[in-house]
Amino acid sequence: MFKQLMLTAGASAAYVTSTAAMAHPGHDHSAESANLIHILWAAPIVIVAVMVVKLLKAKQAKTQLAKTQLDNSKANEAHSTFNQH
């Protein structure tokens with residue numbers, strides 16, 4: 001999922017900053033400020049995408065940690081039960 005998200009974000013960034021893209025009349029992609037304006041327009045999208053990726057990674061890490069702790073707890077419990085008998 002991460003690779004697909006990054007590929008989509010990269011393709012979107014390339015499309016938004018392209019100076020050769022076709023535009024409607026009055027929307028000049030060859031103007032000096034066109035790239036800056038498009039970057040400023042796309043920046044919130046990129047920021048949100050980065051935040052989503054970080055949140056997903058943090059959630060995955062938290063889930064993995066909880067699973068590891070649960071597995072360790074079960075192993076310790078089984079070991080304790082075995083030693084008591």
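The values are calculated or read from the model by the stated rules, or taken from the named source; none is laboratory data. Since the model is a prediction, treat every value here as computed from it, not as a measurement. Reconstructed Cβ throughout: ideal geometry from the backbone, glycine too, with neighbour counts over all protein chains shown. In case anyone asks, the SASA skips ligands and DNA or RNA and just uses the protein heavy atoms, side chains included. Shrake-Rupley method; radii C 1.70, N 1.55, O 1.52, S 1.80 Å.
Quick notes on this one:
- Residue in region 38-47 that is open to solvent by 60 Å² or more (accessible area, probe 1.4 Å), modelled with pLDDT of 90 or more and either assigned to a helix (DSSP H, G or I) or over 25 Å from K3 (Cβ atoms) (or both) present: yes
- Any hit, region 3-19, residues being modelled with pLDDT of 85 or more and in a helix (DSSP H, G or I): no
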